[in-house]
Amino acid sequence: PYARRLRQIFLQVTRIDTASKREAFLNLVATWEVRYGAEIAARKETGRVFSDIKRARSMLLRALPDMFHYIDDPHISTTTNGLEGYFYA
């Protein structure tokens with residue numbers, strides 16, 4: 001259940017365009033972390049799928065402080081499309 005729920009949380013990221021949606025997302029992450037975080041961190045399992053879940057959790061938690069600057073600054077794009085076009089054109 002924790003893997004499916006984490007996936008659902010990740011899928012919401014591209015829809016976040018307001019402060020209220022950001023707060024709702026952060027609440028979902030916090031709720032998920034309280035429910036499953038300690039269990040995942042404590043498990044010594046090394047299978048590929050579980051390792052991917054641990055990595056996704058770690059990436060999300062580390063990224064949270066910098067994920068939503070674009071909401072407060074209209075000069076920051078919500079996507080990397082412009083950069084990708086610049087470097088790969």
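Here, each number is a calculation from the coordinates, and none is a lab measurement. Every value quoted in this text rests on a predicted model; they were computed, and no experiment measured them. Quick reminder, even Gly has a Cβ in these numbers, built from the backbone with ideal geometry, and neighbours come from all protein chains shown.
Relative contact order of the stretch 2-88, taken over Cα pairs closer than 8 Å and 6 or more residues apart, is 26 percent. Given +1 at the Cβ of Lys and Arg, -1 at the Cβ of Asp and Glu and no other charges, the dipole of the chain around its Cα centre is 600 debye to the nearest 20. Using R0 = 41 Å, the C-beta based FRET efficiency linking SER77 and GLU39 works out to 0.65.
Quick check: the angle from helix 48-63's long axis to the longest principal axis of the chain, C-alpha only, nearest 10 degrees? The angle comes out at about 50 degrees.
Along the positive direction of the dipole of the chain (beta-carbon charges: Lys, Arg +1; Asp, Glu -1; about the Cα centre), which of ALA38, GLY85, ALA24 reaches farthest? Result: ALA38.
Computed on the stretch 2-88, the Cα convex hull volume stands at 114 Å³ per residue.
Rounded to the nearest 500, what is the 222 nm mean residue ellipticity of the chain from helices alone, with -39500 (n - 2.57) per DSSP H run of 4+ residues and division by all residues?
-18500 deg cm²/dmol
Result for the chain in a Gaussian network model with C-alpha springs under 10 Å: among ASP73, ASP52, ASP17, the largest mean-square fluctuation is at ASP73.
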